Amino acid sequence: MDWTKQWEAFFSNPFWGSSNAFSSHFPGVNIYRRENELLIVAAIPGLEHVHDAEVYVHYNTLEIKANVQLHFEGFELIEEGITQGPFERVIQLPFPVGEKVEAVYENGLLFIQLHRLIPDHIKRKVEIK
């Protein structure tokens, strides 16, 4: 096997992922759970406008897409420690979620509040008042 095939085999290993090594871990995300609710907190520093980010929800999957571009006029970037550029992160949620979703971006954090989907075919007890 020549070196190019070895190189390709090494980097096609699932350890490296399908794109760069950081794509599946950026942005940093915390997931908080209550009985029928989830709070997702994603760290996205440098987002200039909320329309530079998109959030999609489908059943038990959350997708976050954004494009972070840091520009400082008159300065040249000599070391980069803050991830920039477009990214996409897909998160498997611990349970299916419904249509009630709220998202707020504040101080470099994206807060996404989701509510558990209660399927119509499940029998629910109704409280009588």
(message) Give me the percent relative contact order of segment 23-116, please, defined on Cα pairs under 8 angstrom at least 6 residues apart.
(response) 34
(request) With a point put 7 Å past each Cα toward its Cβ, work out how far Val90 is from Ile31 in nm, to one decimal. (result) 1.4
(message) Along the Cα→Cβ direction, 7 angstrom out, place labels at Glu48 and Asn67. What is the inter-label distance in nm?
(response) 1.0
(message) Within a 10 angstrom radius of the beta carbon, how do Leu109, Leu114, Leu70, Leu62 rank from fewest other beta carbons to most?
(response) Leu70, Leu109, Leu62, Leu114
(message) What does the extension gain come out to for Glu106 and Leu39, with contour length at 0.36 nm per residue minus their alpha carbon separation?
(response) 22.7 nm
(request) Set the Förster radius R0 to 35 Å, insert the Cβ-Cβ distance between Glu79 and Ile118 as r into 1/(1 + (r/R0)^6), and round the FRET efficiency to 0.05. (result) 0.10
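We did not get these values from a lab; they are worked out from the coordinates using the rules stated. Keep in mind that this is a model prediction, so the values were computed, not measured. Please note: Cβ atoms are built from the backbone with ideal geometry, for glycine as well, and neighbour counts cover all protein chains shown.
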